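Questions regarding the structure given below will be posed in turn.
The values are calculated or read from the model by the stated rules, or taken from the named source; none is laboratory data. Please read all numbers here as calculations on a predicted model, not as lab measurements. Note: ideal-geometry Cβ built from the backbone for every residue, glycine included; neighbour counts use all protein chains shown.
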Amino acid sequence: MKVLVPVKRVIDYNVKIRVKPDGSGVETQNVKMSMNPFDEISIEEAVRMKEAGVAEEVIAVSIGPQQAQETIRTALAMGADRGILVKTDANLEPLAVAKCLKALADKEQPEMIIVGKQAIDDDSNQTGQMTAALLGWAQATFASVVKIEDGSAQVTREVDGGLETITVKLPAVVTSDLRLNEPRYASLPNIMKAKKKPIDETSPADLGVDETPRLAVLTVAEPPKREGGAKVEDVAQLVDKLMNEAKVI
Amino acid sequence: MSVLVLAEIDANGVVPQTRNAVTAALAINNDVHILVAGSDCAGQAGAAAKIAGVSKVLKADDAAYANGLAENVAELIKSVATSYSHVLVGATSFGKNVMPRAAALLDVQQISEITDVVDAETFVRPIYAGNALATVKSSDAVKIITVRATAFDPAAAEGGSAQIEDLASAGETGLSSFNGRELTKTERPELTQAGIIVSGGRGMGSGENFAILEELADKLGAAVGASRAAVDAGFVPNDYQVGQTGKVVAPELYIAVGISGAIQHLAGMKDSKVIVAINKDEEAPIFAVADYGLVGDLFKAVPELTSEIETRKSAR
């Protein structure tokens, strides 16, 4: 089967973000960008499915500016077969992203789309569920184990109180959680090979998707700062403070 | 127009985060209805009707809703949503699974994990692991919203007397089926509801070493949590995880042990009332947010803390 994996270019998870002084957003100029960590897990899962003979082809899709091509190259170096860049300078909302993915799925006919459960920039946690809804497919979110067996997938999900197992009919959308796998590092030979793999280019307009946002961002502000940093000498002093100053125990 | 809250239910009744969502709904409009979808859910509907401030309960009783499968519940929300100005749910794993699907069926851009209601169209939500707060205004006809429970006090569980109305099922989609659930067994309070949390990080070294945190937790009546690093290392299950990609908590007291304080962990606990950090690395970023920092060996400090608390408590 064919597996489609969207990969998002986001500010690297190690970077301490800065809110722009005019409150219009977060500074993204001259900031290190990387693939959303959950998307690395999705690519890894798809590549492992290919290595196990379950999947024939893995397609990495990124929706973003020209530079998102670098994110696709990373996916190709990890083992994806080809890429599709949906080029736009707009910051698409999850609903518009899901519409792009639906249009691509209609064209490519994958049997599975593996989406990161959330992107670490807008923390929306919506794209996978929305894509499944628009396609009329089943969804298996927050997956920690995925087993494919004749026409369906058995998925273990991370839920609030523990784990849950469901069976979804294929085609389906799976969203990857932290423990699904540990993504590999791309080897140098594979990075070189990835440069030769094809990347097609399209745009939201080509896919018939309206980019107009539904949410107007009025301001982006820094959260109130926490006044921390005080130290205690020893355990006795700590217990003392907790009992008599903070009065929390 | 009224505001609808989707209840999350379990065998015991209505899950507490539902009541935080009711408070957020009441901040939008004082006519709040609750949708209870389940199988043989008369008991849960009765519990929902008692929540203070709720004027009507819609009960959809069908085997299709027995296990909260997103495909079925989203269709049900779609069938009623256009009679409401807003549909809200607590941002639990249930709410996060179901609501975006319903939003897409309605062609609505969901607003995730709101922490404040500015007006009926404008909401505040954290982005970048809570390192920025975005104020967004929705132009959609129906607003679809998930609510971060720690930002709103729960509505009282008792005091209401809403009428219960039956709602027709939207049917079984047949796309997915439920096989089973394996819940972590614990006598301790649930992380998101606990007044005190003791959390361990990579510094714990192993899963076995969490035993010293459990002893401390039991002394305090606390829940046990963990950082993503500890989950990644396989020390504890994922449902222990506090952080951007785990649970968001705001207890009265949060004790971080052997946790360095990565951005993604701070996102899940920095709204706690009092934070204690125990770490041997004096430069660890966790100390910057801690009200009380103790630099030292956790394997010595934690047992000492447990016995010190025991001594002082028995002296009171």
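Among A:Gly53, A:Gly64, which is the only one that is surrounded by 15 or more Cβ atoms within 10 Å (Cβ to Cβ) and not hydroxyl-bearing (Ser, Thr, Tyr)?
Among A:Gly53, A:Gly64, only A:Gly64 is surrounded by 15 or more Cβ atoms within 10 Å (Cβ to Cβ) and not hydroxyl-bearing (Ser, Thr, Tyr).
Can you run down the residue pairs with Cβ atoms below 6 Å, 6 or more apart or on separate chains, where the first is in segment A:143-171 and within 20 Å of A:Asn181 (Cβ to Cβ) and the partner is surrounded by fewer than 16 Cβ atoms within 10 Å (Cβ to Cβ) and of a type in the set (Asp, Glu)?
A:Gly162/B:Glu182; A:Leu163/B:Glu182
Would you confirm whether or not segment B:86-101 contains a residue that is of a type in the set (Ser, Thr, Tyr), surrounded by fewer than 24 Cβ atoms within 10 Å (Cβ to Cβ) and touching a Cys at 6+ places or on another chain (Cβ under 9 Å)?
Checked segment B:86-101: no residue is of a type in the set (Ser, Thr, Tyr), surrounded by fewer than 24 Cβ atoms within 10 Å (Cβ to Cβ) and touching a Cys at 6+ places or on another chain (Cβ under 9 Å).
Let me ask you something else. Since B:Leu106 meets every condition but one in (1) within 7 Å of another protein chain (Cβ to nearest Cβ); (2) surrounded by fewer than 24 Cβ atoms within 10 Å (Cβ to Cβ); (3) under 23 Å from B:Asn67 (Cα atoms), which condition does it not meet?
(1)
Out of (1) under 22 Å from B:Thr18 (Cβ atoms); (2) surrounded by fewer than 17 Cβ atoms within 10 Å (Cβ to Cβ); (3) touching a residue at least 24 places away in the same chain (Cβ under 8 Å), what's the single condition that is false for B:Leu183?
Of the numbered conditions (1) under 22 Å from B:Thr18 (Cβ atoms); (2) surrounded by fewer than 17 Cβ atoms within 10 Å (Cβ to Cβ); (3) touching a residue at least 24 places away in the same chain (Cβ under 8 Å), the odd one out for B:Leu183 is (3).
Just checking, which of A:Ala98, A:Ala132, A:Ala52 is of a type outside the set (Asp, Glu), farther than 30 Å from B:Ser138 by Cα and free of Cβ contacts under 8 Å to residues at least 60 places away in the same chain?
Matching residue, one of A:Ala98, A:Ala132, A:Ala52: A:Ala52.
Right, next: Taking the conditions exactly as written (at pLDDT 95 or above and either part of a loop (DSSP other than H, G, I, E, B) or more than 7 Å from chain A (Cβ to nearest Cβ) (or both)), does B:Thr173 satisfy them or not?
Yes, satisfied.
Name the helices (runs of 4 or more DSSP H) wholly inside segment B:199-316 in which the number of residues that are more than 12 Å from chain A (Cβ to nearest Cβ) and either of a type in the set (Val, Ile, Thr) or surrounded by fewer than 23 Cβ atoms within 10 Å (Cβ to Cβ) (or both) is 3 or more.
The helices (runs of 4 or more DSSP H) meeting that bar are B:210-220.
Having 2 or more residues that are at the interface with chain B (Cβ under 10 Å from one of its Cβ atoms) and surrounded by 20 or more Cβ atoms within 10 Å (Cβ to Cβ) is the bar; report the strands (runs of 3 or more DSSP E) wholly within segment A:139-216 that clear it.
Ranges flagged: A:152-159, A:162-169, A:172-176.
Taking the options B:Glu282, B:Glu308, B:Glu215, name whichever one is free of Cβ contacts under 8 Å to residues at least 12 places away in the same chain and more than 24 Å from the chain's Cα centre (by Cα). Step through it out loud before you land on a result.
Details: B:Glu282 fails: free of Cβ contacts under 8 Å to residues at least 12 places away in the same chain; B:Glu215 fails: free of Cβ contacts under 8 Å to residues at least 12 places away in the same chain.
Answer to the check: B:Glu308.
Go through segment A:217-246 and report how many residues are of a type outside the set (D, E, K, R), in contact with a helix residue (DSSP H, G or I) (Cβ under 8 Å, 6 or more places away or on another chain) and not in a helix (DSSP H, G or I). Quick ask: steps written out before the conclusion?
Step one: list which residues in segment A:217-246 are of a type outside the set (D, E, K, R), which gives A:217-221, A:223-224, A:228-230, A:232, A:235-239, A:242-244, A:246.
Filter once more, keeping what is in contact with a helix residue (DSSP H, G or I) (Cβ under 8 Å, 6 or more places away or on another chain): A:223, A:228-229, A:232, A:235-236, A:238-239, A:243.
Right, trim to not in a helix (DSSP H, G or I) and you get A:223, A:228-229, A:232.
Residues in segment A:217-246 being of a type outside the set (D, E, K, R), in contact with a helix residue (DSSP H, G or I) (Cβ under 8 Å, 6 or more places away or on another chain) and not in a helix (DSSP H, G or I): 4 in total.
Taking segment A:125-138 only, how many residues are surrounded by 24 or more Cβ atoms within 10 Å (Cβ to Cβ) and either within 7 Å of another protein chain (Cβ to nearest Cβ) or part of a strand (DSSP E or B) (or both)?
So the answer is 7.
Among (1) surrounded by fewer than 18 Cβ atoms within 10 Å (Cβ to Cβ); (2) of a type in the set (S, T, N, Q); (3) within 23 Å of B:Ser177 (Cβ to Cβ), there is one condition A:Gln109 misses while meeting the rest; what is its number?
The one condition A:Gln109 does not meet is (3).
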